[in-house]
Amino acid sequence: MSLINKEVADFKVQAFKADNFCEVSKKDILGKWSVFFFYPADFTFVCPTELKDLQDKYEEFKKIGCEIYSVSCDTHFVHKAWHDVSDTIKALQYTMLADPTHALAKDFEVLIEDAGLTERGTFVVNPEGKIVAYEVVAGNIGRNADELLRRVEALQFVAEHGDQVCPAKWQPGAKTLKPGLDLVGKL
């Protein structure tokens, strides 16, 4: 079953950001674009490479009005402990959500029940709180923040210009297609 257009359930979780604990709820994501970036666990091997890659693009995500939320089933205390011992994690400026009850992992359908961990799932949520794109990859494969940024830009473009679609490898400013017009007789 597809999760496209599924509304994110109400939630309230503890989080860690900028060396502080905070709380994040559904109301915090409404009205802006968000990325929920699930990773298996803190203190692992592939995860810090992905989280750093996201940090390297974080300013670009913010410029397009998109907030990043990394999510694991660890507590906010574990996020802080990882932050305190890892220079890579210490550099993160976006919010790390804690999901020890698995509420978010279950809602986004990425919980590995027998392990208490999550799959590597990336979800783009629109300002109405609905999932508009997602990708789940094997635990031993890192994801690419450049492609994620491009995908969010394309989703934002289509949301603003509903009569157009973005072809493969579309980049901001590139030509788009109008269904029914551009494709007639060209396939």
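The values are calculated or read from the model by the stated rules, or taken from the named source; none is laboratory data. Please read these numbers as outputs of a predicted model, since none were measured by experiment. Heads up, the Cβs are rebuilt from the backbone with ideal geometry, glycines too, and the neighbour counts pull from every protein chain shown. These area figures cover heavy atoms from the full protein model, side chains too; ligands, DNA and RNA do not enter into them. Shrake-Rupley method; radii C 1.70, N 1.55, O 1.52, S 1.80 Å.
FRET efficiency for ASN140 and GLU113, Cβ-Cβ distance as r, R0 = 22 Å, nearest 0.05? Computed FRET efficiency for ASN140 and GLU113: 0.70. A crude spin-label estimate for the pair GLU60 and HIS161, with each label 7 Å from Cα along the Cβ direction, gives 2.0 nm. Using a Gaussian network model on the chain with a 10 Å cutoff between Cα atoms, which of HIS102, HIS76, HIS161 fluctuates the most? Residue with maximal mean-square fluctuation among HIS102, HIS76, HIS161: HIS161.
DSSP beta bridges fully contained in the chain are about 70 percent antiparallel. Here the spin labels are modelled as points 7 Å beyond Cα on the Cα-Cβ line, and at LEU30 and ALA91 they lie 3.7 nm apart.
Expressed as a whole percentage, what fraction of the accessible surface of the range 6-91 belongs to carbon and sulfur atoms when a 1.4 Å probe is rolled over the protein heavy atoms? About 55 percent, which is the carbon plus sulfur part of the accessible surface. The length gained by stretching the chain between VAL46 and THR75 to full extension, at 0.36 nm per residue less their Cα-Cα distance, is 8.5 nm. Given +1 at the Cβ of Lys and Arg, -1 at the Cβ of Asp and Glu and no other charges, the dipole of the chain around its Cα centre is 560 debye to the nearest 20.
Considering only GLY116, GLY162, GLY142, the Gaussian network model of the chain with Cα springs below 10 Å gives its largest mean-square fluctuation to GLY162.
Computed with a 1.4 Å probe over protein heavy atoms only, the accessible surface of the chain comes to 51 Å² per residue. Using a cutoff of 8 angstrom between alpha carbon atoms and counting only pairs six or more residues apart, the relative contact order for the chain works out to 26 percent.
Only one of (1) 30, 17, 16; (2) 23, 22, 14; (3) 26, 20, 15 was calculated from the structure for semi-axes √(5λ) of the Cα gyration tensor in Å, and its label is (1). Residue separation of LYS12 and LYS106 scaled by 0.36 nm, minus their Cα-Cα distance, works out to 32.4 nm of gained length. Once backbone amide H atoms are built at 1.01 Å from N, ALA133 has VAL124 as its partners under 5 Å, excluding neighbours fewer than 5 places away on the same chain. Shown here for the range 92-187: trypsin sites (Lys or Arg not before Pro) in loop regions (DSSP other than H, G, I, E, B) with at most 13 other Cβ atoms within 10 Å, namely LYS169, LYS175, LYS186. Distance between the C-alpha centres of the range 1-76 and the range 92-113: 9 Å, rounded to the whole angstrom.
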